[in-house]
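The values are calculated or read from the model by the stated rules, or taken from the named source; none is laboratory data. All values reported here derive from a predicted model rather than from experimental measurement. Here Cβ is always computed from backbone atoms with ideal geometry, including for glycine, and neighbour counts include all displayed protein chains. Accessible surface areas use protein heavy atoms only, side chains included; no ligands, DNA or RNA. Shrake-Rupley method; radii C 1.70, N 1.55, O 1.52, S 1.80 Å.
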Amino acid sequence: MLLHFSPASSTSPPSPSSFTSNYFLHRLSISRPPYLEFPLKPRAHLFKSTSPPVSYSTKTKLLYPSANRADFRSYALPGFDFGSVESVLEAAGVLTAIIVVHETGHFLAAYLQGIRVSKFAVGFGPILAKFNANDVEYSIRAFPLGGFVGFPDNDPDSDIPDDDANLLKNRPILDRVIVISAGVVANIIFAYAIIFTQVLSVGLPVQEPYSGVLVPDVRPFSAASRDGLLPGDVILAINGIQLPETGPRVVSQVVDIIKKNPKRNVFLKVERGKQDFEIGVTPDEKVDGTGKIGVQLSPNIKITKLRPNNVFEAFNYAGKEFWGLTYNVLDSLKQTFMNFSQSASKVSGPVAIIAVGAEVARSTVDGLYEFAALLNLNLAVINLLPLPALDGGSLALVLLEAARGGRKLPLELEQRIMSSGIMFVLLLGLFLIVRDTLNLEFIKDLL
């Protein structure tokens, strides 16, 4: 989440004086959530795939890096699929809760220190709904690109004296660092709370791998449906190539062969119940010339639940899972920057995140817990990057001030730095919304 000081105008983007949150999601592409292995060591669990990183930001900002992680999308589907209204609402609810938690962190850190706050917003742009309480404007705005907490420091319409000791800009460096960092801290705490709740309520999923690739779903009127593939089938071999037990490449191996053979028969050895037989499937050709058969694919694993016997075990399990997820996020971010030219095109926006979350929600409640925890951790890590329009950028400016012996950068320069970053984030967010909307399955069908 970012910090910047929001302007007086309610329709303009937040100025460099408010804390905002951005979210861009690196496209989660490839199979459904492979569940965790336990005990947890640094591993690729819920988000371990062969696809490039994923990022998301809420003007609170989330980057989904992930070089090798199995993610929440169906590998063989060409675009995003929202699915049921209920699953979309669940995913949107998760995303909104994460934004609110992040902004609440900033808000409470300021409020509890007696620092003046003028605005608390979810979204950017024109106000859709608002109310005022204790001199703070709470609002929901038109563009779902994150949220922000606004401060009256540089608001020309504010009647608060410029030398007021309770303005954020007049507080000691430590006070400002606490406010800037509080959004990230709130998301980290929320991520752990989600995992701990999962441990206590449904337990942690443990996987036992089997050979082949599972077909959880087959789209109606697709090539797979026409040629006799059914949900629940297990693909044991493709074009005579035997598939091993679940591994990082087993799903992508099937997808790669399908994509390379549009309008050419692909022979699948399928296990259905206790019978094995061959099915010939002819992939349809997509607009980019690759093949698709219209199925969801996932590793062939049996899931059992690991439940704690007491509260101490619950904390132990949740801690291991938390650190495993954190390791994945940090490792994915590293891979993102090391392979930026390949991963940049995979960045996605809120539409893609909700589509991914909706698919996870339809799949399993375990996946939804993991999805929410990972979004929180991604948001926390990305917002610490020292970039304009992110919390890390605001933190860098404060630390630079400390290094200069308490001398601030000229206000105009600081505002230009932050405003340029915010404008870039907003433009990128709008571009991603349009692009990801055009990539939705039902939109692609219409086109």
Quiz prompt | Index of the failed condition, Trp323 passing every other in (1) more than 29 Å from Ile241 (Cβ to Cβ); (2) surrounded by 19 or more Cβ atoms within 10 Å (Cβ to Cβ) | solution = (2)
Practice problem: Please enumerate the residues belonging to the range 378-397 that are open to solvent by 10 Å² or more (accessible area, probe 1.4 Å) and either at pLDDT below 80 or not small (Gly, Ala, Ser) (or both). | Solution: Val381, Leu384, Leu385, Pro386, Leu387, Pro388, Leu395, Leu397
Exercise. Scan the range 186-230 residue by residue and report those that are in a loop (DSSP other than H, G, I, E, B) and within 28 Å of Asn310 (Cα to Cα).
Key: Val202, Gly203
Quiz item: Which of the residues spanning the range 241-269 are modelled with pLDDT under 90, open to solvent by 70 Å² or more (accessible area, probe 1.4 Å) and either of a type in the set (Phe, Trp, Tyr) or touching a Lys or Arg at 6+ places or on another chain (Cβ under 9 Å) (or both)?
Solution: Gln242, Pro248
Exercise. Give the residue, chosen from Ser345, Ser341, that is surrounded by fewer than 14 Cβ atoms within 10 Å (Cβ to Cβ), modelled with pLDDT under 85 and within 16 Å of the chain's Cα centre (by Cα).
Key: Ser345
Quiz prompt | Residues of the range 285-304 satisfying the condition of being assigned to a strand (DSSP E or B) and open to solvent by less than 50 Å² (accessible area, probe 1.4 Å) | solution = Gly291, Val295, Gln296, Leu297, Ser298, Pro299, Asn300, Ile301
Practice problem: Pairs only if they're at least six apart or on different chains, beta carbon under 7 angstrom, first in the range 375-388 and in a helix (DSSP H, G or I), second of a type in the set (D, E, K, R); list them, first residue then second. | Solution: Leu379/Lys61; Ile382/Lys61; Asn383/Lys61; Asn383/Asp391
Practice problem: Specify which of the listed residues (Asn154, Asn166) is touching a Phe, Trp or Tyr at 6+ places or on another chain (Cβ under 8 Å) and open to solvent by 30 Å² or more (accessible area, probe 1.4 Å). | Solution: Asn154
Quiz item: Among the residues of the range 270-284, is there at least one that is surrounded by 21 or more Cβ atoms within 10 Å (Cβ to Cβ), in a strand (DSSP E or B) and in contact with a Pro (Cβ under 9 Å, 6 or more places away or on another chain)?
Solution: no
